[in-house]
1. For the stretch 194-206, which positions are buried (at least 24 other Cβ atoms within 10 Å of the Cβ) and closer than 18 Å to residue 273 by Cα?
2. Counting only residues that are in a strand (DSSP E or B) and within 21 Å of residue 296 (Cβ to Cβ), which one in the stretch 94-135 is nearest to the chain's Cα centre (by Cα)?
3. From the list 87, 67, 75, exactly one residue is at pLDDT below 95 and in contact with a helix residue (DSSP H, G or I) (Cβ under 7 Å, 6 or more places away or on another chain). Which is it?
4. Please state which one of 330, 307 is surrounded by fewer than 16 Cβ atoms within 10 Å (Cβ to Cβ) and within 30 Å of the chain's Cα centre (by Cα).
5. For the condition within 26 Å of residue 227 (Cβ to Cβ) and either in contact (Cβ under 8 Å) with a residue 24 or more places away in the chain or buried (at least 16 other Cβ atoms within 10 Å of the Cβ) (or both), what is the one hit in 43, 5?
6. Could you list, in sequence order, all residues of the stretch 144-183 that are out of contact with any helix residue (DSSP H, G or I) (no Cβ under 7 Å at 6 or more places or on another chain) and either touching a residue at least 40 places away in the same chain (Cβ under 8 Å) or not assigned by TED's automatic domain parsing to the domain that holds residue 279 (or both)?
7. Kindly establish whether residue 187 is within 22 Å of residue 67 (Cα to Cα), over 18 Å from the mean Cα position of the chain (by Cα), in the same structural domain as residue 122 (by TED's automatic domain parsing) and at pLDDT 95 or above.
8. Can you name the condition, by its number, that residue 99 falls short on among (1) on the phi > 0 side of the Ramachandran plot; (2) buried (at least 17 other Cβ atoms within 10 Å of the Cβ)?
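The values are calculated or read from the model by the stated rules, or taken from the named source; none is laboratory data. Keep in mind the model is a prediction, meaning the values are calculated, not measured. Reconstructed Cβ throughout: ideal geometry from the backbone, glycine too, with neighbour counts over all protein chains shown.
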């Protein structure tokens, strides 16, 4: 796998500075963080492209870590943290000027064509979207490299996603991830990269949500081809991700230690270390809240009358993950509404009658 002209392989970790929403909706701050990433020695920066009204249904709720950071309303939080496509274009240009690659996580299928207007070097999917087949396939069809995070997912869900993305060929990488913010050392589960390698022969890496710098070094020593770590301008800033991120000086230490650990001989420093964990891919207890709050469901795009066949224009995909998952779209489109379904709510099995659609 290549991102730009860089080969993605174990022994030379490709380090992504996840700006995410730590720009606080400010394009100037996003550019400043891009410059900090370059100075720290990162290989790429990553942004998140979403629109609150496309991602949050009226049933959405905050994840516990977001509420703990002082957030009160999930849609309002995302509206405050949105970065428009023009501002993202400025970040892409600045990243390329600095010799960095620019990567983006797109959260809605409808936004993929808009995102694809910019000169991204790769796409990445968030862990909750490992079940979102329409989104995964839309990103695969762009022809760019695709990095898929696997936090809060079981081995069966990861294997299923690999099957959906078979046509991506050598443009696909997987990241072991634990969807806790921050992740305790004992839950870091770095060893689960071995389970991903057992089911996938492409590059495997680690998306690091621990609070410190050592987990990246351990993952690099264990052969991580990609490392992703959140970068912030201040750990004390208000917002959902700042507290689980590294400030620029610590991020530079992270990059340096990861490259040192990738050199032969560093593995002697690994054992015993609670961050390794078992070589098993499973959902951890600390991930279950994020799994429900941040996965997407098939959601009614408008009121669907009782008895009406359900068509593609009647549904979209939004959070939370309490309804029928996106990969079951075909089953829903072969159904009728058993009851009147209100607009903008996750559709559940009790509301549909399968095999009854005329469409």
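1. Matches in the stretch 194-206: 206 only.
2. This residue is 125.
3. Result of the check over 87, 67, 75: 75.
4. Details: 307 fails: within 30 Å of the chain's Cα centre (by Cα).
Exactly one residue qualifies, and that residue is 330.
5. 43
6. Passing the criteria: 147, 154, 160, 170, 171, 172, 173, 175, 183.
7. Working: within 22 Å of residue 67 (Cα to Cα): yes; over 18 Å from the mean Cα position of the chain (by Cα): yes; in the same structural domain as residue 122 (by TED's automatic domain parsing): yes; at pLDDT 95 or above: yes.
Answer is yes for this residue.
8. (2)
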